[in-house]
Structure formats: structure tokens, C-alpha cells
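For reference, the structure is listed below as C-alpha cells.
Laboratory data are not the source of any read-out in this text; all were calculated from the coordinates shown. Note that the structure is a prediction, hence the values are computed from the model and not measured. Heads up, the Cβs are rebuilt from the backbone with ideal geometry, glycines too, and the neighbour counts pull from every protein chain shown.
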């Protein structure tokens, strides 16, 4: 028997503008989300609430990907 694996999408910059639209489209298509953001905390929380409210899974991660520490934070979250 083959085990079903839920598809997972990592979206960087996914809390605002185009990234938010991409995140919402992926969630609607059935993907679980990990959304990375640098400074848009309120927007990230809003996105997470919206996705979860529609029955999706969404984790948000604050990380500055211009730094090695930020990359490590995101890698640990995924």
C-alpha cells in the first residue's frame, strides 16, 4: 500500500503582494505551506489565519535570508 504524502510548499516573501497571492493559490491547490517573511509579521499572521480558516496548514517563519543565521532558522523550520 502506498502512503499518501501531503505536498508541501516553501514560499519566501510569501506574506505580502505577489508572494501572498502565490501562497493562497498553493493552499487552495492543497499544499501545506511554510511561509518565510522578514518583517511583515502582521501580514504573515493574517495569511496564516486565512489559510487555516479555510482548512489548510500554514506555518510562518520570521527569517532574514540575507544572513546565514536566517537561512539556518528557515532550514530548521522545514
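For the residues 10, 33, what sequence is obtained by ranking on other C-beta atoms within 10 Å, fewest first? Spell out each step's value before the answer.
Numbers: 10 16, 33 23.
Least crowded to most crowded, the residues run 10, 33.
The long axis of helix 17-28 is offset from the longest Cα principal axis of the chain by roughly 20 degrees. Ordering of 58-65, 15-22 by packing is 58-65, 15-22, highest average first (other Cβ atoms within 10 Å, averaged per residue).
For the chain, the 222 nm mean residue ellipticity estimated from helices alone, with every DSSP H stretch of n ≥ 4 adding -39500 (n - 2.57) and the total spread over all residues, rounds to -14000 deg cm²/dmol.
Each of 68, 46, 23 was scored by other Cβ atoms within 10 Å of its Cβ. Arranged with the fewest first, they read 68, 46, 23. Normalising the average separation of contacting C-alpha pairs (under 8 angstrom, six or more residues apart) by the number of residues puts the relative contact order of the chain at 26 percent. Taking Cα atoms only, the orientation of helix 68-77 departs from the longest principal axis of the chain by about 20 degrees.
Residues of the range 15-31 falling in the label zone of residue 46, defined by backbone nitrogen less than 19 Å from a point 7 Å along Cα to beta-carbon, are 15-28. According to the Kirkwood relation over distinct C-alpha pairs, the hydrodynamic radius of the range 8-73 is 11.5 Å. In degrees from 0 to 90, rounded to the nearest 10, what is the angle of the helix 41-53 Cα long axis to the longest principal axis of the chain? Around 10 degrees separate the two axes.
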